[in-house]
Structure formats: structure tokens, C-alpha cells
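Colleague: Encoded as C-alpha cells, here's the structure I'll be asking about.
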Amino acid sequence: MSEDSDDRARWAELFDIALPPIERDQATRRRGLFSRLKDNLTKPRQAISPQLAGIFAPGLITRETWDDLEEALIAADCGMDAAVALVEELRAEAQLGRIVNRDEIASGLTKAVTRQMTPEPPRIPIGADPTVILVVGVNGSGKTTSVGKLAYRLSELGQQVVIGAADTFRAAAIDQLAIWADRSGAQLVRQGPGADPGAVAFDAVASGTARGADVVLIDTAGRLQTQHNLMEELRKVHAVVGKANPDAPHETLLVLDATTGQNGLSQARLFGAAVPLTGVIVTKLDGSAKGGIAVAINRELGIPVKLVGVGEKLEDLQPFDAAAYAEAIFSPTPTG
């Protein structure tokens, strides 16, 4: 399977969109995704590899081994709860004789992270008429770019897309979405800078319904989670979307910048208090992020990571694969 076909199949699975019957080699697909993640996650892996390399060095497991592993996971932004849970799971494996030496901890850790991250593969099912996806997050998280890339991917899969440019505080955001709409063939619903975001969101859903669109993507204004008035406005946008379509939004995705580390947990908690979140898009994993924040969000808040961004290019936004992610981040000398 070519890399393009590989991408197409992964995105179709994420959206539950049926493709014509093709041969699908799951192992090959995972290797392709892992290779891309391994290349793009060099910085996060290098940030924690020295600690992990020492822990995974051949030798007997001691109490200090588990303490060192817990410290390394916390330092990697996995969060206290996730770090303790992962270490306890591996310690139990060792007590059962399934992990005997320190160099066996590495494979055990990647398997434990995979189990913890995804009871089921992430999905953003496209089935309603239209499916309304609300995208929220703080300024600079990569929210508008993620909306544009999602529109492009959906259009590639034959979906008719409407984009609602409800970030009316930034003219640049509207202009950016106009470029993505032109590139993907999506319809852009927009008003002038400073317009009522709720009105734009309502119009986008109404337009998508009238046109028989498959998906409506709504970009909201970036806001700090501590700005009470702006969070109240987000609640209003969410409610207005529900007036346009009683079942909407069908998905509310929070975009988090991985480089914010544990502050991402605070963001997720407060955004989740404002609107019901169905998933997270973790961006900028290729930068100075330590990488473990995806584990912390999933463990402590129970919100699934559905997409990850590992660069600026279109193909660098990908459906989340827990096994590929765990191997790319937590193995000091990944293979694949």
C-alpha cells in the first residue's frame, strides 16, 4: 500500500467512511505511521531518552528501578496519576515473572501505554446530516490550521464540507480559513471581523443543512481558559449550534499545544467545564514538548486523543495511533 493510500485508509477509518474494497495490510500501515512519528518526534524522545536508557539498561530490577521510571514518566509530562498507574502495572507484570530484567521494561512500557491510551481506536464518525464538529482551544494552539486540514482530508474522502469562521476576533483566522476552503473545495461561511461568533456558527450549520453537506466544521475564537467572559461566549456558541441542529455539535474537539506541558491539563479541565468535549487534537508534538501530555489527558480526564500534529505540513496531522505513539515516544531506541 502506498503512503497516500495508507493515509487515505487511516482517515477513512477515523471518520467511519467506507472506501472501495482494497487490500489492507494493517502491519504495513502501522509501520508507515510509526516511521513518520519516529522521524517527527525526535525532540520529545531525546528529552526523556537519557533517563529511560539508564532504566532500560540490562541488569536486575530493584526498587530504585521503579522509582526512577516513575520519575522519568512524570518528567515526560505523563502526570502523577498515569505514571503511578503505569509503574504499578509493570511492577505486577514483574511479580508474575513476565518482566525479569530491566531491558524488558521498555517493551512492557510501550504495551502498557498503548492499553491505557486506547480501549478502542479513536473515531469521529460522519453520519448525521450534517455532522457538526466544533473546534475549540487557546490562542496559538494550531486550532485554525487543524480545521483547515480536517476540511481538506474530508473533501479528499468525497465529503461536502462547510467551514464556519466563528473566530471573528482575528481577521487573519478568517483569511487563513478562506485559503483552506479554496484549497479543499469547501464552502466558507464568514462575516466581518468583530461579528457575533454565535451568528456565524448558526449560519454555518443552517447553510450546511440547506446544502445537504456532510460535515460542518466550526472554528471558534482562541481564548485563554481563565478568561471568564470568553468562556461564557464559548458556551453561547455551543448552545446556538444546538438551536440550529438539536443534536449538534456531534463532536467538540479541543486543540492543545503539547509544548504547554501540564498546563494542557488545566486547559482541558476548564474547557471541559464550559462545553462537553468528545476528543483532543494534540499539536506541536515535534517541538520542545516532552510528549507524555497525551497520556496525562487520557488518564486524568478520560478524554480520548483523536488526532496528533507533528509538523506544519498537511500530512503531519494524523489520526492518533496509540501503539505507534507509545513506541515513538517511550522507547529510547525505537525500531520499526
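The values are calculated or read from the model by the stated rules, or taken from the named source; none is laboratory data. Everything numeric here is computed off the predicted structure, so don't read it as measured data. Using ideal geometry, Cβ is built from the backbone for each residue, glycine included, and neighbour counts are taken over all protein chains shown.
Colleague: Scanning the range 189-218 for residues that are of a type in the set (Asp, Glu) and closer than 20 Å to Arg170 by Cβ, which turns out surrounded by the fewest Cβ atoms within 10 Å (Cβ to Cβ)? Outline the logic, then answer.
Modeller: Here is the first cut: in the range 189-218, the ones of a type in the set (Asp, Glu) are 196, 203, 214.
Subsequent filtering for residues that are closer than 20 Å to Arg170 by Cβ retains 196, 203.
On the way: Asp196: 15, Asp203: 19.
Restricting to residues being of a type in the set (Asp, Glu) and closer than 20 Å to Arg170 by Cβ, the top hit is Asp196.
Colleague: Which residue, of Thr118, Thr110, is modelled with pLDDT under 95 and over 20 Å from Trp66 (Cβ atoms)?
Modeller: Details: Thr110 fails: over 20 Å from Trp66 (Cβ atoms).
That would be Thr118, the only listed residue that is modelled with pLDDT under 95 and over 20 Å from Trp66 (Cβ atoms).
The rows are residues; the columns are (1) crowded, with 23+ Cβ neighbours inside 10 Å; (2) touching a residue at least 12 places away in the same chain (Cβ under 8 Å); (3) among the hydrophobic types (A, V, I, L, M, F, W, C).
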position	(1), (2), (3)
Val241	yes, yes, yes
Gln262	no, yes, no
Leu270	no, yes, yes
Val282	yes, yes, yes
Glu300	no, yes, no
Val310	yes, yes, yes
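Colleague: Being under 23 Å from the mean Cα position of the chain (by Cα) and either in contact (Cβ under 8 Å) with a residue 40 or more places away in the chain or surrounded by fewer than 24 Cβ atoms within 10 Å (Cβ to Cβ) (or both) is true for just one of Ala172, Ala151, Ala186. Which residue is that?
Modeller: Values: Ala172 fails: under 23 Å from the mean Cα position of the chain (by Cα); Ala186 fails: either in contact (Cβ under 8 Å) with a residue 40 or more places away in the chain or surrounded by fewer than 24 Cβ atoms within 10 Å (Cβ to Cβ) (or both).
None of the other options fit; the residue is Ala151.
Colleague: Still on this structure, please answer the following. Name the residue, out of Val132, Val84, that is in contact with a strand residue (DSSP E or B) (Cβ under 6 Å, 6 or more places away or on another chain) and modelled with pLDDT of 95 or more.
Modeller: One residue alone meets the criteria, Val132.
Colleague: Could you please let me know if Ser141 is under 27 Å from Val240 (Cα atoms), in a loop (DSSP other than H, G, I, E, B), within 16 Å of the chain's Cα centre (by Cα) and among the polar types (S, T, N, Q)? Lay out the reasoning, then the answer.
Modeller: Values: under 27 Å from Val240 (Cα atoms): yes; in a loop (DSSP other than H, G, I, E, B): yes; within 16 Å of the chain's Cα centre (by Cα): yes; among the polar types (S, T, N, Q): yes.
Considered against the rule, which asks whether it is under 27 Å from Val240 (Cα atoms), in a loop (DSSP other than H, G, I, E, B), within 16 Å of the chain's Cα centre (by Cα) and among the polar types (S, T, N, Q), Ser141 comes out as yes.
Colleague: Please indicate, with yes or no, whether at least one residue in the range 123-136 is in a helix (DSSP H, G or I) and over 17 Å from the mean Cα position of the chain (by Cα). Lay out the reasoning, then the answer.
Modeller: To start, the set of residues in the range 123-136 that are in a helix (DSSP H, G or I) comprises none.
No, the range 123-136 contains no residue that is in a helix (DSSP H, G or I) and over 17 Å from the mean Cα position of the chain (by Cα).
Colleague: Only one residue in Gln116, Gln159 is over 30 Å from Asn245 (Cα atoms) and surrounded by fewer than 24 Cβ atoms within 10 Å (Cβ to Cβ), so which one is that? Full working, then the answer.
Modeller: On the way: Gln159 fails: over 30 Å from Asn245 (Cα atoms).
Testing whether each residue is over 30 Å from Asn245 (Cα atoms) and surrounded by fewer than 24 Cβ atoms within 10 Å (Cβ to Cβ) leaves just Gln116.
Colleague: Can you go through Gly287, Gly185 and tell me which one is of a type outside the set (S, T, N, Q) and at pLDDT 85 or above? Spell out the reasoning first.
Modeller: Details: Gly287 fails: at pLDDT 85 or above.
After ruling out the rest, the residue left standing is Gly185.
Colleague: (1) out of contact with any strand residue (DSSP E or B) (no Cβ under 7 Å at 6 or more places or on another chain); (2) over 22 Å from Leu285 (Cα atoms); (3) touching a residue at least 40 places away in the same chain (Cβ under 8 Å): which one isn't true of Ala165, the others all being true?
Modeller: Every condition holds for Ala165 apart from (1).
Colleague: Only one of Ala248, Ala322 is among the small types (Gly, Ala, Ser) and buried (at least 24 other Cβ atoms within 10 Å of the Cβ); which? Walk me through it before giving the result.
Modeller: Numbers: Ala322 fails: buried (at least 24 other Cβ atoms within 10 Å of the Cβ).
Among Ala248, Ala322, only Ala248 is among the small types (Gly, Ala, Ser) and buried (at least 24 other Cβ atoms within 10 Å of the Cβ).
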